[in-house]
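Handing you this structure, nothing more for now.
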Amino acid sequence: MTTNEKSTTRIECTKEGPVATLRFVTDEGVAIFSSRVLGELGQHIDKIAEDGSLRFVVFRGQGNVFLAGADIQQMSHFTEDQAEGFSRAGHRVMNTISALPQVTFAALNGHAMGGGCELALACDFRIIARGARIGVPESTLGLIPGWGGTIRLPKLIGDVPARRLLFSGRCIKAEEALDVGLVDEVVPTNEDLDAALEHWYELLATGSPSAIARIKKAIFNNDEMKQFGMCFSCSDAKEGVSAFLEKRKPLWTTWKDCGKT
């Protein structure tokens with residue numbers, strides 16, 4: 001892959017209890033994706049995928065931008081083969097994010113364009129600050145989304161609304177994104193993202209970590225029958241049923257304690 005990249009973006013990974021936060025930061029300009037940043041993201045995700053202490057993963061940016069898309073300077077030097085390789089690498093990382101056993105959130109502090117939008121689409125939930133925009137503007141550059149946008153966007157909001165956004169390259173405001181189902185919640189400001197995330201953690205904490213991991217696997221691999229059966233080799237299923245019959249709150253293990261998901 002060519003190294004002619006403009007991006008100075010880096011990823012800061014922090015963990016607090018059951019939550020891992022990956023923040024895209026840069027000392028100048030706005031955060032953008034390059035092959036280096038994509039590789040760095042993939043390394044973080046691989047480690048998180050094996051961390052049984054984590055229940056939630058949050059992706060965040062800084063300032064008024066979440067992620068402004070791919071590094072156009074680097075892409076301007078691509079050959080056809082290099083571009084396809086860049087797309088394949090992006091698909092691998094986004095698919096790994098979609099398949100994470102933890103619940104994932106894109107906390108959109110600001111604009112999420114192109115690759116930033118595709119990262120958000122790979123997450124389970126999207127929370128956006130009012131004033132931010134989100135979209136896939138690749139067609140205005142003579143390009144198409146390369147990291148799953150043409151697949152995930154129609155599944156999320158429907159074929160016709162997705163075609164309108166994909167064909168036009170129009171990036172939409174937070175409120176419109178909520179109306180079409182592209183995001184799950186709009187908060188007034190960046191500062192309100194933390195409180196919104198805490199509410200989501202509380203809401204989802206009632207579900208068994210292993211059950212949530214299996215639900216995600218069933219959706220991702222279309223193997224519900226297999227995953228349903230595997231529930232019965234996990235202590236969470238026994239605990240959940242017993243707690244229901246005994247009229248008490250269940251005490252969950254971590255998804256890692258239930259073996260393969």
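Bear in mind these aren't lab numbers, they're just calculated from the coordinates by the rules spelled out. Only a predicted model underlies this, so the values are computations on that prediction, with no experimental measurement involved. Please note: Cβ atoms are built from the backbone with ideal geometry, for glycine as well, and neighbour counts cover all protein chains shown.
Under DSSP H, which helices of the chain have Cα atoms covering 20 Å or more of the helix axis and a Kyte-Doolittle average no less than -1.0?
Qualifying helices, which must be both long enough and hydrophobic enough, are 35-49, 80-98.
Related question: What's the lysine pair count for the chain at a Cα cut-off below 19 Å, pairs eight or more apart or interchain?
Lysine pairs satisfying the spacing and distance rule in the chain number 21.
Quick one: of the DSSP bridges fully inside region 1-120, what percent are antiparallel, nearest 5?
Taking every DSSP beta bridge within region 1-120, about 40 percent pair in antiparallel fashion.
Shifting gears a bit: Pull out a ≥ b ≥ c, the square roots of the eigenvalues of the alpha-carbon gyration tensor of region 122-241, then state rounded if a/c is under 1.5, prolate if not and a/b is larger than b/c, and oblate in the remaining case.
oblate
Label region 193-261 by shape, choosing from rounded, prolate and oblate, from the square roots a ≥ b ≥ c of the eigenvalues of the Cα gyration tensor; if a/c is under 1.5 it is rounded, and otherwise prolate applies when a/b is larger than b/c, oblate when it is not.
Judged from the Cα gyration tensor, region 193-261 comes out oblate (a/c at least 1.5, b/c at or above a/b).
Using the Cα centre as the reference, give the magnitude of the dipole from point charges on the C-beta atoms of region 209-258 (Lys, Arg: +1; Asp, Glu: -1; all else neutral), rounded to the nearest 20 debye.
100
Another question, if that's okay. Assuming 1.002 mPa s and 20 °C, estimate D for region 84-154 with Stokes-Einstein, Rh taken as the Kirkwood radius over Cα pairs, in µm²/s.
Calculated translational D: 172 µm²/s.
Right, next: Counting only DSSP beta bridges with both residues in the chain, tell me the antiparallel percent, nearest 5.
Close to 30 percent.
Taking a ≥ b ≥ c as the square roots of the Cα gyration tensor eigenvalues, with a/c under 1.5 meaning rounded and otherwise prolate when a/b beats b/c, else oblate, which class fits region 18-92?
oblate
What's the longest uninterrupted piece of the chain once you rule out the trypsin sites (Lys or Arg not before Pro) that are loop residues per DSSP with at most 14 other Cβ within 10 Å?
Maximal segment without exposed cleavage sites: 7-129.
Once you put a point 7 Å from the Cα of R130 and another 7 Å from the Cα of A243, both along the Cβ direction, what distance in nm separates them?
Here the answer is 3.7 nm between the modelled labels.
Can you give the extra length, in nm with one decimal, that the chain gains between S53 and N95 once fully stretched, where that is 0.36 nm per residue apart less the Cα-Cα distance?
13.0 nm
At each listed q (0.13, 0.17 Å⁻¹), what is the log10 of I(q)/I(0) that the Debye formula gives for the chain modelled as equal alpha-carbon point scatterers?
-0.84, -1.34
Given the -39500 (n - 2.57) contribution per DSSP H run of 4+ residues, what per-residue ellipticity at 222 nm results for the chain, rounded to the nearest 500 deg cm²/dmol?
Value at 222 nm, helices only: -13500 deg cm²/dmol.
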